[in-house]
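Student: Can you keep this structure in mind? I'll have questions shortly.
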Amino acid sequence: NRLAFEAAAKYPQRLRAYIVINPNRDRRAVEAELGRWLSAGPCGVKLHPSVHQVKVLDDRLAPVWEFAQEHRLAVLAHVWEGCAYGSPQHFEQLAERWPRINFILGHSGGLLAGILASVQVAKRLRNVYLDLTGSQLFYGILERMVAEIGASRILFGTDLPFIDARFQLGRVLFARLPDSRKVKILGGN
């Protein structure tokens, strides 16, 4: 967190940082870590359930939901269809339970089944956003996502350095969408 917030402070017009939380720590440590970075202006909280091997419905994440709701912060999480730790269906439950938190489904649920499940969740719940980072957007899927939930709840991401940013950018630039929607997805949102 320190490195991320130092970089964001150095380049405030270009970078924003998330508070990354390890829910395996005790509640007081999680609460302290969240509070430590609030004054730095985080754009949200980032979770990686499968890395930490903590299911998003686990009570250990209660301080994250409480903090995010109280401070109106988004929660970005790695989401993959079929993942025992965080699938689109898990976030559907969370988004219903915590309606004042904007949930960003990282990778839009991963592969095709996860993307389609994530679209259905976002279609039903206005506080769910889809993130394109590293997702497996097959030809025509981005257009379908926009048709089903609109461009305003789709967020661009690259997963750099793991995935070449040019590939991720090209999927949006060459999509059969009006430029106004591409502008929203590529940063307007």
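The values are calculated or read from the model by the stated rules, or taken from the named source; none is laboratory data. Remember, predicted model here, so these are calculated numbers, not experimental data. Using ideal geometry, Cβ is built from the backbone for each residue, glycine included, and neighbour counts are taken over all protein chains shown. Heavy atoms of the whole protein, side chains included, go into the accessibility calculation; ligands, DNA and RNA do not. Shrake-Rupley method; radii C 1.70, N 1.55, O 1.52, S 1.80 Å.
Student: Being open to solvent by 80 Å² or more (accessible area, probe 1.4 Å) and within 20 Å of residue 81 (Cα to Cα) is the filter here; which residues of the range 137-161 pass it? Break it down into steps so the answer makes sense when it comes.
Tutor: Kept after step one, since they are open to solvent by 80 Å² or more (accessible area, probe 1.4 Å), are these residues of the range 137-161: 138-139, 144, 147, 160-161.
Within the range 137-161, 138, 139, 144 meet the criteria.
Student: Any idea which of 68, 77 is under 15 Å from the mean Cα position of the chain (by Cα), over 28 Å from residue 137 (Cα atoms) and surrounded by 21 or more Cβ atoms within 10 Å (Cβ to Cβ)? Write out each step before concluding.
Tutor: Values: 77 fails: over 28 Å from residue 137 (Cα atoms).
Sole residue among the options that is under 15 Å from the mean Cα position of the chain (by Cα), over 28 Å from residue 137 (Cα atoms) and surrounded by 21 or more Cβ atoms within 10 Å (Cβ to Cβ): 68.
Student: So which residues in the range 22-42 are open to solvent by less than 50 Å² (accessible area, probe 1.4 Å) and either touching a helix residue (DSSP H, G or I) at 6+ places or on another chain (Cβ under 9 Å) or under 24 Å from residue 157 (Cα atoms) (or both)? I'd like the intermediate steps shown before the answer.
Tutor: Within the range 22-42, the first condition is being open to solvent by less than 50 Å² (accessible area, probe 1.4 Å), and the residues that meet it are 23, 29-30, 32-35, 37, 41-42.
Within the range 22-42, 23, 30, 34, 35, 37, 41, 42 meet the criteria.
Student: Does residue 50 satisfy being of a type in the set (Gly, Ala, Ser) and in contact with a Cys (Cβ under 7 Å, 6 or more places away or on another chain)?
Tutor: Numbers: of a type in the set (Gly, Ala, Ser): yes; in contact with a Cys (Cβ under 7 Å, 6 or more places away or on another chain): yes.
So residue 50 passes the test.
Student: Looking at the range 43-64 only, could you name the residues that are of a type in the set (A, V, I, L, M, F, W, C) and crowded, with 18+ Cβ neighbours inside 10 Å? Lay out the reasoning, then the answer.
Tutor: At the first step, the residues of the range 43-64 found to be of a type in the set (A, V, I, L, M, F, W, C) are 43, 45, 47, 51, 54, 56-57, 61-62, 64.
Matches in the range 43-64: 45, 47, 54, 56, 61, 64.
Student: Sticking with this structure for a sec: In the range 5-21, what count of residues is obtained for those that are closer than 17 Å to residue 73 by Cα and either open to solvent by 90 Å² or more (accessible area, probe 1.4 Å) or not in a strand (DSSP E or B) (or both)?
Tutor: Final tally of qualifying residues: 6.
Student: Here is a follow-up. Of all residues in the range 144-164, which are of a type outside the set (Ser, Thr, Tyr) and in a loop (DSSP other than H, G, I, E, B)? So that I can check it myself, show each step before the final result.
Tutor: Filtering the range 144-164 for residues of a type outside the set (Ser, Thr, Tyr) gives 144-151, 153-157, 159-164.
Correct list: 150, 156, 157, 159, 160, 161, 162, 163, 164.
Student: Give all pairs with beta carbons closer than 6 Å in which a residue from the range 106-134 that is open to solvent by 10 Å² or more (accessible area, probe 1.4 Å) and modelled with pLDDT of 95 or more meets a residue that is among the acidic types (Asp, Glu) and assigned to a helix (DSSP H, G or I); count only pairs at least 6 apart in sequence or on separate chains.
Tutor: These pairs meet every condition: 123/148.
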